[in-house]
Amino acid sequence: MLNLRRRQGSTVRSITTLPLEMREQLHQPVLGAVPLDEDGSAWAATTADALVVFSGSSRPDHHAWDEIEQGTWDADERTFTLRWTDMDRDDLILHVPVGIRDGDTYASTDVAPFAKALRQRVEAAIVHSAVAVLPGGVTATASVRRGADGHLYSVTRPTTSQVSDKEDAEALQALENRVREGVGLPTQ
């Protein structure tokens, strides 16, 4: 989707569309996209199955939606920060420029379609979730997620290995069992 307008002899447009050469590498429609550099050579795109990051010359990285715990947008820093369900992975930070320039043409970045698709796809991967405060005062979450292959599995934050207190560990296990039971998965 492009929105064209003139500004001081040059064309200014709002950009939300992944370049054709990148779209051709995907096997499904793009739900939203944002550039990751000012020359338009790196992009992040959302599809029904994955977040796809094009980083210039290399093949794109595909990240299944169930791998993403949470995504946030910081308008001041112009960054999307993605936190993984695997707590050992570093956050993925996507820096989005205000726009991209190609000669006399300037395209401002519209993050809204990408942000909307990101939120919808991350939420769609969560089948069921619950939050509880453990006896030690830590807030815990448990969720059942649907993997790209349709398989259901559960995740907790913090993980069981991060909880050393016996009462907290039992409460975390009970929380995980509650979400698993809620979708018909076996409990532990």
Compute, for Ser161, the solvent-accessible surface of its heavy atoms (probe 1.4 Å) with the complete set of protein chains present, and express it in square angstrom to the nearest 10.
-> 110 Å²
For region 17-34, in residue order, the Karplus 3J(HN,Hα) values (coefficients 6.51, -1.76, 1.60; θ = phi - 60°; whole Hz; Gly and Pro = x) are 10, 5, x, 3, 4, 7, 4, 5, 7, 9, 10, 7, x, 8, 8, x, 8, 9
Please give the helix 112-125 orientation as an angle from the longest Cα principal axis of the chain, in degrees from 0 to 90, rounded to the nearest 10.
-> 20 degrees
Per residue of the chain, what 222 nm ellipticity follows from adding -39500 (n - 2.57) for every DSSP H run with n ≥ 4, rounded to the nearest 500?
-> -5500 deg cm²/dmol
Which label belongs to the value computed from this structure, given these candidates for Cα extents along the principal axes in Å: [x] 50, 34, 29; [y] 68, 33, 27; [z] 61, 33, 25?
-> [y]
Going by alpha carbons, how many degrees (0 to 90, nearest 10) lie between the helix axis of 166-182 and the longest principal axis of the chain?
-> 70 degrees
Rank these by accessible area, largest first, 1.4 Å probe: Thr160, Thr85.
-> Thr160, Thr85
On the accessible surface of the chain, probed at 1.4 Å, how many percent belong to carbon and sulfur atoms?
-> 47 percent
Euclidean distance between Cα centres, region 60-106 to region 113-174, Å | 21 Å
What is the local net charge at Leu134, summed over the other residues whose Cβ is closer than 14 Å to its Cβ (Lys, Arg +1; Asp, Glu -1)?
-> -2
Taking placed amide H atoms and a strict 5 Å upper bound, the residues 5 or more places from Gly99 or on another chain that come that close are Thr109
Placed amide H near Leu36: partners under 5 Å, 5+ positions off or other chain | Ala42, Trp43, Ala44
How much area per residue is accessible in the chain when the probe is 1.4 Å and only protein heavy atoms are counted (Å²)?
-> 57 Å²
Phi to ³J(HN,Hα) by Karplus 6.51 cos²θ - 1.76 cosθ + 1.60 over region 65-70, Hz, x for Gly, Pro = 4, 5, 6, 9, 6, 7
Amide H within-cut-off set for Ala140, under 5 Å, with H built and near neighbours excluded | Ala132, Val133, Leu134
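The values are calculated or read from the model by the stated rules, or taken from the named source; none is laboratory data. Keep in mind it's a predicted model, so treat the numbers as computed, not measured. So basically every Cβ, Gly included, is an ideal-geometry build from the backbone, and we count neighbours across all protein chains shown. Surface accessibility is based on the protein's heavy atoms, side chains included, excluding ligands, DNA and RNA. Shrake-Rupley method; radii C 1.70, N 1.55, O 1.52, S 1.80 Å.
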